[in-house]
Amino acid sequence: MAFRAGETLRKATGRDVRLEEVREAGGPLAQVLAAGERMPSEAEIDEELVLSLSALREFLMSPLQGWARSVLGLDRESDDDARAAMEDEPFRPQGFEREAALREAFEEGLRRRTKPEELHEREGVPRLQAHGRWPLGAVASRATEADRRVLGGWRRLFGQTVARAGMVPRRVRFGAGAEVGESDVVRDPITLAGARIVGRTSLLFEDERASLVLLAKEPPQGVELRRERLRHALAGFVDYVALVAGGAGMRDSHRALVLYGGDAAVDASTRFGPLEPDEARRWLEARVRELRGEPHDVFLPFEAVAQVLTSSEGWRGMTTPSLHRAIESARRRRRSRDDYGLVRREHERPAPKDARELVHRRFGLFARLVGLEAGGTA
């Protein structure tokens, strides 16, 4: 992938900023912005922040990455040169391309009432091979067998957990542009004070009361599964808030339908409680104020929040020391993993001093809707 720096950075520094300065800076991102001595005022930035649902999800997962994308204007773009530099025949498909291809096959199978395994092998794989993005020969056969197991696991679980009457897929888009891809329903953007919320929901079922999250991997075990369950529930939570704030009206529940594929397929779904439109809009407005009000050059990944929520302390017992221990635990794990995201070495950023207060403001509604605020366990 290639990246580009946004207009906000140019306004902040008074010059064109090379992305490497942002991604590879040894110190905090604020050092890059310090070249311009200050952040631009709201009057100097576009009067209205256009915030996509995907950027909002990213902000919840990682404040720095979501802020860099939605406010600083960093974004991904296609990289034909990088593709041209790849081997003619990849040894195996890229992870993100494989997952995208499998999800596309599953969605298309639901729409056409055809087994996704057959669609993937008959149409998806040949198309990717023609573009040099999928292996050939014996390597392709092994990959196809693994893919067949993933798709079969999703199909079995989906049939068990979604009533036949609710199996009609629907994807809702708010506003235009922002995120590439087709949608079944287009609605007006969600207009807030100083911002518009745009973009696509996940694939929805059960009359827009369930969001589908498909994971092309074997499920973890024990507490790690409980943590991942919460993390992937965020996609359904953002859908739920957007749908209710965007005109669906009061809802008594919504479900994040999280399915792991493969032979050991697992349903790790989460159900959310009632949500009023005013409450949904207030939560969105608070996130817009957060994004526009200050830099988020900090390390506060949701995996640290999930670690505390699945501990004996839980939401109600969360303390500043317990949250900081979880942040440091996430930092150690990140050191041993491949880097990713718009801003690299995110784990080198400091934890926010007011981490507990930030978590309570940002995730209080999430905690209530999943039953944690009342003392429930994740």
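Peptides 53-62, 239-248, 327-336, 270-279 ranked from most to least packed, by the mean per-residue count of other Cβ atoms within 10 Å: 239-248, 53-62, 270-279, 327-336. Each peptide in 142-152, 120-130 was scored by the mean count of other Cβ atoms within 10 Å over its residues; highest first, the order is 142-152, 120-130. Here the peptides 206-214, 344-352, 302-310 are ranked by packing, the mean other Cβ count within 10 Å, and the order with the highest first is 302-310, 206-214, 344-352. Between R164 and D354, residue separation times 0.36 nm minus the direct Cα-Cα distance comes to 63.7 nm. Using a simple spin-label model with pseudo-atoms 7 Å out from Cα toward Cβ, D263 and S312 lie 3.7 nm apart.
What does the C-alpha gyration tensor say about the overall shape of the stretch 137-228? Classify as rounded when a/c is under 1.5, otherwise prolate if a/b is larger than b/c, or oblate. Prolate.
Here the extension length gained between T114 and S141 equals 7.6 nm, from 0.36 nm per residue of separation less the Cα-Cα distance.
Read-outs throughout are calculated quantities, based only on the coordinates presented, and are distinct from any laboratory measurement. Since this is a predicted model, take the numbers as computed values, not measurements. Methodologically, a virtual Cβ is constructed for each residue, glycine included, from the backbone with ideal geometry; neighbour enumeration extends over all protein chains shown.
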